[in-house]
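Below: the structure, in C-alpha cells.
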Amino acid sequence: MEGEVFPIWSRVRVAIDSPFKGRKGTIITIHMIATPGAPTFCFYLVAFDGGHLRKLLWFAYQKVARVAPSDEQDAEC
C-alpha cells in the first residue's frame, strides 16, 4: 500500500470522479486486507456530511483525500 493510513475520525473528501466527488465526511472504521506477497489494501467506511445521504459508504484508500482544517468552513451565526 502506498501512502499513509488515515486514522478513524479523520475528515476526508471523495477525490475520484463519481457521483460523490467532492463530498466530505468522516471515517468511521477502517478495514485492511493483507495477503503475504501482495500489496495491502485499505478501505474506509465514510459517513457523509449533510442530510440527504444517510448511508455509510466504503471507499478504497486511494479514492479519498484528507481534509485539512483550513479546508473546513466554520458555520456562521
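Observations on the structure shown:
- Of residues in segment 1-15 being more than 11 Å from the chain's Cα centre (by Cα) and either loosely packed, with under 10 Cβ neighbours inside 10 Å or modelled with pLDDT of 90 or more (or both), the one farthest from residue 69 (Cα to Cα): 2
- Of the residues making up segment 1-25, just one is among the β-branched types (Val, Ile, Thr) and either in contact with a Phe, Trp or Tyr (Cβ under 6 Å, 6 or more places away or on another chain) or in contact (Cβ under 8 Å) with a residue 60 or more places away in the chain (or both), namely 14.
- Answer residue from segment 39-53, given it is part of a strand (DSSP E or B) and touching a residue at least 24 places away in the same chain (Cβ under 8 Å) and is surrounded by the fewest Cβ atoms within 10 Å (Cβ to Cβ) among those: 41
- Candidate set from segment 12-33 (those that are of a type in the set (Gly, Ala, Ser) and not in a strand (DSSP E or B)); member that is farthest from residue 58 (Cα to Cα): 22
- Any chance residue 36 is more than 11 Å from the chain's Cα centre (by Cα), loosely packed, with under 12 Cβ neighbours inside 10 Å and at pLDDT 90 or above: yes
The values are calculated or read from the model by the stated rules, or taken from the named source; none is laboratory data. Please read all numbers here as calculations on a predicted model, not as lab measurements. A quick note on method: Cβ atoms are made from the backbone with ideal geometry, for glycine too, and the neighbour counts reach across all protein chains shown.
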